[in-house]
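Note sheet for the following structure.
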Amino acid sequence: MTISQHTIRRAGLASAAATVLALAGTAVPVSAAAPALSLSAAAGPTGGGNTIIGTVAGTTANPSPFPAGALPTVQFQYAACTAHASSPTQLDVTGTTMNAGVLTVDPFDVNRISGTRIAFKVPSAGYPDLAVNSTGLVLGGDQTSATWTVCVYDSDSAVSSTLLATGSYTILPRPAITSITPASSPAVGGQAITVVGTGFTQDATVAIGGVAVTNLKIASTGTSLTATTAPKTAGAGLALTVTTPGGSVSSLDPDNNGNGSDAIPFSYSNGITVSPDTGPVGAAVTVDVTGAGFSQLQFDAGSGTPTSTNAHVFLVGGAYNSSNNRGVAECVRVAVISDTELICTLNLAGNKLSPADSSVVLSTPIDQGAYILTVVTNGAIGASANPTIISSGAAFVVAPY
């Protein structure tokens, strides 16, 4: 029967470790004498699985700390690095105090990039014994964070290996989301929201549908944050994501369990805000419209044709309906300033439009009253026009003054 190299290796590590203990009694901390290992990320999520780049500054005497042809052994040790590679040791935590723990990175998850750089994956399982630290590098006991020493050796020998470099790495809880209030925003943005959860660090970033929020403030407890939504094209089922050194969480999987049954989707309504929001009877008014997604729309040039398949801006009594409530006037000469702003001219003096079919009612001014300025993507009669919603920001009043 052939004994696998894996078994021999494990037995060798255990035997060598026993020899070291017998000769020295305890491991010898030597991290102070080892070159510093700079990590691409100094912190990461409990449970590991993320990849880190480690860099050591070469010197004239030692220009290639990670020699060619040799695959370094990377370990996470709870205290200062020992003189030689250690045997994996089960994580032991009392309250917030770490008593023991050594994890070895699977060699398949270690890559030598150059003489001064290596890449390795933070353990998410035990190695070589899957039963020892089976869940990888995790928080234990009552810990809310834990700092480990990263130890890089030239081999896994517990007797003859040499410490090549050492660094510091902190594990943090993965963030989670409990609630979002409100879970919606007008397309123009500017909506104040509050997110409640856990694991929100001060350096967290937040985005909705890939668009970063503004005015982000995170509570010192890490259990809530406030922010203001940025402009975004209307859409539903969007993910609000919170990203921290401890990982990311999406509101579509708010407890980070891979299920998603408790998703909290975010939505942007197709709304606009207009300024000014009133105009005197018989006047021509230049209106500034803010919203989102304007750069994707094609508007008619000049006075336009109200029933063309291009986008239009209509003054509507109530909710726009492309078949029977098409508005009483068109805001023409549309100029798109940016994706979130356009201007147009609203003539309240005459040539009112028939709400039924957009036919022109000659020499008829727009009646006094309250209307809704509405942007539609397609002006054809009966078309699916995706009109902007009725909102207070889109209200426009034609008054006698």
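The values are calculated or read from the model by the stated rules, or taken from the named source; none is laboratory data. Quantities reported herein were computed from a predicted structural model and do not represent experimental measurements. With ideal geometry, Cβ positions are generated from the backbone for all residues, glycine too; neighbour counts draw on all protein chains shown. Side chains included, ligands, DNA and RNA excluded: accessible areas come from the protein's heavy atoms. Shrake-Rupley method; radii C 1.70, N 1.55, O 1.52, S 1.80 Å.
Couple of notes before you dig in:
- Total residues in the stretch 250-279, condition in a strand (DSSP E or B) and under 18 Å from residue 229 (Cα atoms): 6
- Residue tally, condition part of a loop (DSSP other than H, G, I, E, B) and among the charged types (D, E, K, R), over the stretch 315-353: 2
- Flag not set for residue 201, criterion: open to solvent by 20 Å² or more (accessible area, probe 1.4 Å), assigned to a strand (DSSP E or B) and more than 27 Å from residue 386 (Cα to Cα).
- Complete set of residues in the stretch 101-119 that are crowded, with 22+ Cβ neighbours inside 10 Å, in contact (Cβ under 8 Å) with a residue 40 or more places away in the chain and closer than 27 Å to residue 59 by Cα: 118
- Qualifying positions in the stretch 32-89 - in a strand (DSSP E or B) and small (Gly, Ala, Ser): 36, 38, 43, 44, 54
- Only one of the numbered conditions (1) out of contact with any Pro (no Cβ under 9 Å at 6 or more places or on another chain); (2) assigned to a loop (DSSP other than H, G, I, E, B) is violated by residue 100, and that is (2).
- In the stretch 363-372, the condition of being aliphatic (A, V, I, L, M) and open to solvent by less than 50 Å² (accessible area, probe 1.4 Å) is met by at least one residue.
- Residue check for residue 379: modelled with pLDDT under 95, touching a Pro at 6+ places or on another chain (Cβ under 8 Å) and not hydroxyl-bearing (Ser, Thr, Tyr): no
- Condition check for residue 231 on (1) part of a loop (DSSP other than H, G, I, E, B); (2) on the phi < 0 side of the Ramachandran plot; (3) surrounded by fewer than 20 Cβ atoms within 10 Å (Cβ to Cβ): one failure, at (3).
- Which listed residue, of 336, 328, 287, is open to solvent by less than 10 Å² (accessible area, probe 1.4 Å), over 30 Å from residue 199 (Cα atoms) and modelled with pLDDT of 95 or more: 287
- Flag if residue 192 is open to solvent by 10 Å² or more (accessible area, probe 1.4 Å), in contact with a strand residue (DSSP E or B) (Cβ under 6 Å, 6 or more places away or on another chain), without any contact (Cβ under 8 Å) to a residue 40 or more places away in the chain and among the small types (Gly, Ala, Ser): yes
- Residue match in the stretch 145-168 (condition: aliphatic (A, V, I, L, M), open to solvent by 10 Å² or more (accessible area, probe 1.4 Å), within 23 Å of residue 238 (Cα to Cα) and out of contact with any Phe, Trp or Tyr (no Cβ under 7 Å at 6 or more places or on another chain)): no
- Residue within the stretch 236-249 that is among the small types (Gly, Ala, Ser), more than 16 Å from the chain's Cα centre (by Cα), surrounded by 14 or more Cβ atoms within 10 Å (Cβ to Cβ) and under 22 Å from residue 340 (Cβ atoms) present: no
- Yes/no for residue 134 being without any contact (Cβ under 8 Å) to a residue 24 or more places away in the chain and either acidic (Asp, Glu) or surrounded by fewer than 19 Cβ atoms within 10 Å (Cβ to Cβ) (or both): yes
- Selected residue (only one of 319, 394, 383 is surrounded by fewer than 22 Cβ atoms within 10 Å (Cβ to Cβ), within 39 Å of the chain's Cα centre (by Cα) and closer than 23 Å to residue 189 by Cα): 319
- For the stretch 45-77, a residue qualifies if it is more than 13 Å from residue 35 (Cβ to Cβ) and buried (at least 19 other Cβ atoms within 10 Å of the Cβ), and the qualifying residues are 45, 46, 47, 48, 52, 73, 74, 75, 76, 77.
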